[in-house]
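Right, one structure below, let's go through it.
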Amino acid sequence: MRLSIERYLLIPAVLFFLLANLGVVDYAVADKEAIEKATNFLLAHQNEDGGWPLIVGQASDTEVTAISIQALLAKGYGTGAPTINRAVSYLTSQQLDDGSWNGNSAHTIFALVALEMADRDPNIVFKGLTWLDKAQNEDGSWGRDANSPANTLYTAAVLSGLRRLVTPRYLSLNKAANWLADPNRMNYDGAWSLKRGSNSEVMVTAWVLQGLSVVYDVDDRLAWLKQMQNDDHGFANLKDQPSDPEMTAYVIITLAALRDPINTDLIASGYLKQVQLPDGSFKSNTPIELEEAQSNIQTTSFALLALNARRYEKLFEK
């Protein structure tokens with residue numbers, strides 16, 4: 001099945017990538033430096049209980065810990081590394097008796113992907129998948145909590161995780177993909193937003209495309225996402241907003257997952273290098289808990305994951 005919209009010509013992006021190939025922009029060096037700095041920041045701020053907080057000095061957070069585990073494993077840390085072992089112990093200790101993490105569908109799928117990457121007890125993962133199956137609405141969607149009202153972003157986040165955990169024949173996966181692909185849930189421009197009819201959003205569309213790609217051919221949909229790139233090669237949630245590191249990371253991960261043929265993900269990685277703080281962290285107000293942009297571990301982990309996005313995808317190749 002194919003979803004098609006008009007393709008956009010990304011001449012500036014192509015020219016920038018050609019310059020990179022000529023040596024004007026050295027992606028390899030830039031990425032290596034940024035990766036090491038972000039990695040060292042995460043290692044320096046792991047809490048004693050093994051988890052990571054959203055903001056340095058706060059209590060550990062299960063969602064942030066799950067993303068940090070994924071980022072470090074994608075960077076090349078071994079599944080038996082002490083840092084990973086401590087983090088996994090914290091994460092597994094937070095699983096509720098019903099199999100979920102915080103009764104939250106997004107927290108649960110992030111934790112399951114992290115534990116699958118860490119090659120931990122498959123029974124823990126199975127228990128979490130069972131909870132997600134029960135939490136799914138009849139129409140195929142997920143909300144924040146079990147059987148809560150449908151939410152496009154939560155459905156997309158769960159689906160993007162399931163594509164890394166189960167086969168395309170998995171019933172819950174197909175139901176969710178069909179729900180997201182329903183034209184009644186898309187905006188007129190072929191992209192998605194939290195509320196249909198409002199301005200299409202980069203964050204929602206990026207997560208949706210990751211999830212849909214396991215069932216649908218969404219190459220044409222990438223055209224909308226790529227034309228949202230700003231002049232500094234980063235991405236914001238809405239057009240004409242300043243670029244944001246976490247939004248840019250979402251797009252890079254999506255482009256790598258869908259194997260974008262013109263390497264827009266590599267171009268966007270250059271933006272991350274430019275905005276990385278001296279201590280290796282990244283600043284954003286994308287985490288819902290933050291009112292103002294500030295250095296935080298969630299954004300830093302997503303940025304590190306994005307800088308290793310191609311390696312991240314290879315870890316899930318069967």
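Figures for the structure shown
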| quantity | calculated |
| --- | --- |
| Wholly enclosed helices (runs of 4 or more DSSP H) of the range 1-115 bearing at least 3 residues modelled with pLDDT of 95 or more and β-branched (Val, Ile, Thr) | 62-75, 82-93 |
| Considering residues of the range 55-69 that are within 15 Å of residue 110 (Cα to Cα), touching a residue at least 60 places away in the same chain (Cβ under 8 Å) and out of contact with any Leu (no Cβ under 6 Å at 6 or more places or on another chain) only, the residue surrounded by the fewest Cβ atoms within 10 Å (Cβ to Cβ) | 63 |
| Qualifying residues in the range 154-181 (those that are in contact with a Leu (Cβ under 9 Å, 6 or more places away or on another chain) and free of Cβ contacts under 8 Å to residues at least 12 places away in the same chain) - the one surrounded by the most Cβ atoms within 10 Å (Cβ to Cβ) | 170 |
| Residue, farthest from residue 82 (Cα to Cα), within the range 103-138, restricted to residues that are of a type in the set (Val, Ile, Thr) and more than 15 Å from the chain's Cα centre (by Cα) | 130 |
| Count - residues of the range 192-211 that are buried (at least 21 other Cβ atoms within 10 Å of the Cβ) and more than 14 Å from the chain's Cα centre (by Cα) | 4 |
| Residue identified as touching a Gly at 6+ places or on another chain (Cβ under 8 Å), of a type in the set (S, T, N, Q), surrounded by fewer than 22 Cβ atoms within 10 Å (Cβ to Cβ) and under 19 Å from residue 206 (Cα atoms) among 184, 137, 151 | 151 |
| All positions within the range 229-261 that are among the aliphatic types (A, V, I, L, M) and part of a helix (DSSP H, G or I) | 247, 249, 251, 252, 253, 255, 256, 257 |
| Selection count, the range 262-318, where residues are farther than 28 Å from residue 166 by Cα, polar (S, T, N, Q) and either over 13 Å from the mean Cα position of the chain (by Cα) or in a strand (DSSP E or B) (or both) | 9 |
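The values are calculated or read from the model by the stated rules, or taken from the named source; none is laboratory data. Because the structure is predicted, anything quoted here is derived from the model rather than measured. Cβ atoms come from the backbone with ideal geometry, glycine included; neighbour counts cover every protein chain shown.
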